[in-house]
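*Asks:* Quick one: the structure is below, and I'll ask about it shortly.
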């Protein structure tokens, strides 16, 4: 008779810490050097100067870039040869709109609609229908000059849209500490960054009129916020600071009182790739890319794309991926990994490692002990199917194979007596075992067989554990 056993063990060789509102150290630029980045040629004569805001649409795989001298903006798409070009329609008309104005920022509220919102530093947020290439069709404008006036050439500089789901999930509070989501029908709030003080001003735009509600301002980590990007797939908030060396701030929507102001919770800060008037930023993190624009076109680098750009996924060093923490808790400050939030006996770290739900005691990690025939000899073997993070390398090692990914090491060991762990474990092809529920997004199954268990004679045990460095 074969007894089945599964245990999830954690051995931790580091202290769990909670990251303060701002990290003490700025991390180096997390991309390739400027000398090896992709510098786009001047695809339009207007690119020679004044390139500013940028935005990435993951759905359509489009970079949007704006110009603050001529009031123009463009849609860029892949050219099929490893670079990017201005998009064209069936008749060859370029995705180029020249409306006039001081266009410092650009974003979309719905990535599935042909609509962009452009920030004019002089006075307003403008909404454009871009369904027809080259035809300027301004649908509406909201005058925000009374809130963020331009003073001696400095004013509103950046814009991004934050959907209600994330505002509610992360407990976003306005400048007065009041919980906020939109109430006028846009489905989210517009964040507008400024060059004066590095504040983020919050607006609830009425999609059917030029009216809006203003929900105050929150502080960022530095004194100028020249571009913004809210990642609606992960819940992270990115702020580009065109000061000094240029800096990228990674934040979350939660905030705390700092002196007399509220301030976003900073997760990390990174140096820029070089000095200069780098004003625009668009992040395509799923492709390891970031696009930056240079207002002064220094060295003919008006638009540059870095294609080896990778940020730290665990900024607080607790073993939990930040995106996973935001998805489940709305903040990276709720769990430090070793806690058991739902009280089911498995730590949050185990839940993360094996696709569990840290808020539902009935949804432990996906670790399944099975007796199946994997080699078609009509005899069943003892098999363990384990959900691990996508991208985990092939398990290797004898007698207990292991693999490391995202700062965690997962080891599968076998034993005949639950003591020595000396029975070899074989790594099987990672095919889906029939009858198991599919893994969650960001996870995949791996399978392991206890060597010598063919026919299920005698005793055998399999154990999976996760450790931190």
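The values are calculated or read from the model by the stated rules, or taken from the named source; none is laboratory data. Only a predicted model underlies this, so the values are computations on that prediction, with no experimental measurement involved. Please note: Cβ atoms are built from the backbone with ideal geometry, for glycine as well, and neighbour counts cover all protein chains shown.
*Asks:* Does any residue of the range 100-121 turn out to be part of a strand (DSSP E or B), surrounded by fewer than 19 Cβ atoms within 10 Å (Cβ to Cβ), in contact (Cβ under 8 Å) with a residue 24 or more places away in the chain and more than 25 Å from the chain's Cα centre (by Cα)?
*Replies:* Within the range 100-121 (the criterion being part of a strand (DSSP E or B), surrounded by fewer than 19 Cβ atoms within 10 Å (Cβ to Cβ), in contact (Cβ under 8 Å) with a residue 24 or more places away in the chain and more than 25 Å from the chain's Cα centre (by Cα)), the answer is no, since none of the residues qualifies.
*Asks:* Please go through (1) farther than 21 Å from residue 280 by Cα; (2) touching a strand residue (DSSP E or B) at 6+ places or on another chain (Cβ under 7 Å) for residue 132 and return the number of the only condition it doesn't satisfy.
*Replies:* Status for residue 132: all satisfied but (2).
*Asks:* Considering each residue of the range 22-44, count those that are at pLDDT below 95 and either in a helix (DSSP H, G or I) or under 30 Å from residue 344 (Cα atoms) (or both), and give that number.
*Replies:* Going through the range 22-44 one residue at a time, the tally reaches 2.
*Asks:* Determine whether the range 325-340 contains at least one residue that is modelled with pLDDT of 95 or more, more than 23 Å from residue 449 (Cβ to Cβ), assigned to a loop (DSSP other than H, G, I, E, B) and touching a strand residue (DSSP E or B) at 6+ places or on another chain (Cβ under 6 Å).
*Replies:* Yes, some residue in the range 325-340 is modelled with pLDDT of 95 or more, more than 23 Å from residue 449 (Cβ to Cβ), assigned to a loop (DSSP other than H, G, I, E, B) and touching a strand residue (DSSP E or B) at 6+ places or on another chain (Cβ under 6 Å).
*Asks:* Return the residues of the range 70-81 that are free of Cβ contacts under 8 Å to residues at least 24 places away in the same chain and not in a strand (DSSP E or B); say none if nothing qualifies.
*Replies:* 79, 80, 81
*Asks:* Looking at the range 422-448, I want the residues that are free of Cβ contacts under 8 Å to residues at least 12 places away in the same chain and assigned by TED's automatic domain parsing to the domain that holds residue 397 and have a partner that is surrounded by fewer than 12 Cβ atoms within 10 Å (Cβ to Cβ) and outside any loop (DSSP other than H, G, I, E, B) with Cβ atoms under 8 Å, at least 6 apart or on another chain. Which pairs are those?
*Replies:* Qualifying pairs under 8 Å: none.
*Asks:* Specify which of the listed residues (283, 267) is under 20 Å from residue 157 (Cβ atoms), assigned to a strand (DSSP E or B), in contact with a strand residue (DSSP E or B) (Cβ under 8 Å, 6 or more places away or on another chain) and assigned by TED's automatic domain parsing to the domain that holds residue 219.
*Replies:* On the way: 267 fails: under 20 Å from residue 157 (Cβ atoms).
Within the list 283, 267, the selection yields 283.
*Asks:* Test residue 174 against the stated conditions and say whether it is under 29 Å from the mean Cα position of the chain (by Cα) and farther than 24 Å from residue 195 by Cα.
*Replies:* Numbers: under 29 Å from the mean Cα position of the chain (by Cα): yes; farther than 24 Å from residue 195 by Cα: no.
In short, no.
*Asks:* Determine if the range 132-141 includes at least one residue that is assigned to a strand (DSSP E or B) and within 26 Å of the chain's Cα centre (by Cα). Don't jump to the end; show me each part of the working.
*Replies:* Quick first cut of the range 132-141, residues assigned to a strand (DSSP E or B) only: 138-141.
Narrowing the set further to residues that are within 26 Å of the chain's Cα centre (by Cα) leaves none.
Within the range 132-141 (the criterion being assigned to a strand (DSSP E or B) and within 26 Å of the chain's Cα centre (by Cα)), the answer is no, since none of the residues qualifies.
*Asks:* Mind listing whichever residues of the range 149-198 are part of a loop (DSSP other than H, G, I, E, B) and crowded, with 24+ Cβ neighbours inside 10 Å?
*Replies:* Taking the range 149-198 and keeping what is part of a loop (DSSP other than H, G, I, E, B), we get 149-150, 152-153, 155, 170-172, 174-178, 180-187, 195-198.
If the condition is that a residue be part of a loop (DSSP other than H, G, I, E, B) and crowded, with 24+ Cβ neighbours inside 10 Å, then 172, 195 are the ones that fit.
*Asks:* Turning to a different aspect of this structure: From the list 339, 365, which one is touching a helix residue (DSSP H, G or I) at 6+ places or on another chain (Cβ under 7 Å) and buried (at least 19 other Cβ atoms within 10 Å of the Cβ)?
*Replies:* Of 339, 365, the one residue that is touching a helix residue (DSSP H, G or I) at 6+ places or on another chain (Cβ under 7 Å) and buried (at least 19 other Cβ atoms within 10 Å of the Cβ) is 365.
*Asks:* Filter the range 297-317 down to residues that are under 18 Å from residue 388 (Cβ atoms) and either without any contact (Cβ under 8 Å) to a residue 24 or more places away in the chain or buried (at least 17 other Cβ atoms within 10 Å of the Cβ) (or both), then give me how many there are. Break it down stepwise before answering.
*Replies:* The first filter runs over the range 297-317 and keeps only residues under 18 Å from residue 388 (Cβ atoms), leaving 313-314.
If we keep only those that are either without any contact (Cβ under 8 Å) to a residue 24 or more places away in the chain or buried (at least 17 other Cβ atoms within 10 Å of the Cβ) (or both) as well, we get 314.
Result for the range 297-317: 1.
*Asks:* Does residue 320 count as outside any strand (DSSP E or B), free of Cβ contacts under 8 Å to residues at least 60 places away in the same chain and touching a strand residue (DSSP E or B) at 6+ places or on another chain (Cβ under 7 Å)?
*Replies:* For residue 320, the condition - outside any strand (DSSP E or B), free of Cβ contacts under 8 Å to residues at least 60 places away in the same chain and touching a strand residue (DSSP E or B) at 6+ places or on another chain (Cβ under 7 Å) - is not met.
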